[in-house]
Amino acid sequence: MSTEENKSYLDLDNKKIGQKIYIQRKIKGLKAFDVAERLGIKEAAYTKYERGETKITIEFVRKVSEILDIDPLLLLSSSDINYFDNIHNSPIMSTFHTYQSTNERQNEAILLLIENVVRMNKSIMLLLDKELQKQNK
């Protein structure tokens, strides 16, 4: 493989990865400022990564995945279908499987809904664990 072929093979799709980072950040309930601060960069520089305007490196993906506590392969996978199928096939999101919007406020509302459902599920799991512990005594 020539150097030029190898270079194109290693190029990452900045827009797709940036979008995945954005979604995962919103799901985790973090602000762009929070992630930027942990990366040691300004918020404006960080949001350029999310928008795909700055070249994303493997090292950047590694650092962001640690901050977001996710598998870096989730961000690097090239198949949008598999990535979004995981969200769309969830019982909660099944009603939104055909949802498409260019309205940023609607997108924010959907992401907040997902975040609240995740929090609620965690609370339910804690309650169930406590109940199970009571029953085992």
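The values are calculated or read from the model by the stated rules, or taken from the named source; none is laboratory data. Nothing here was measured: the structure is a model prediction, and the numbers come from that model. Neighbour counts are summed over all protein chains in view; Cβ atoms, including those assigned to glycine, are modelled from backbone coordinates with ideal geometry.
Here are the numbers:
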{"read-out": "The one condition in (1) among the polar types (S, T, N, Q); (2) modelled with pLDDT of 90 or more; (3) farther than 11 Å from Lys20 by Cβ that Ser65 fails to fulfil", "value": "(3)"}
{"read-out": "Candidates Lys20, Lys48, Lys55, Lys42 - the one that is over 13 Å from the mean Cα position of the chain (by Cα), of a type in the set (D, E, K, R) and closer than 20 Å to Glu108 by Cβ", "value": "Lys48"}
{"read-out": "Residue satisfying all of: in segment 68-113; of a type in the set (Val, Ile, Thr) and in contact with a helix residue (DSSP H, G or I) (Cβ under 6 Å, 6 or more places away or on another chain); modelled with the highest pLDDT among these", "value": "Ile70"}
{"read-out": "Test: residue in segment 45-53 that is in a helix (DSSP H, G or I) and free of Cβ contacts under 8 Å to residues at least 12 places away in the same chain", "value": "yes"}
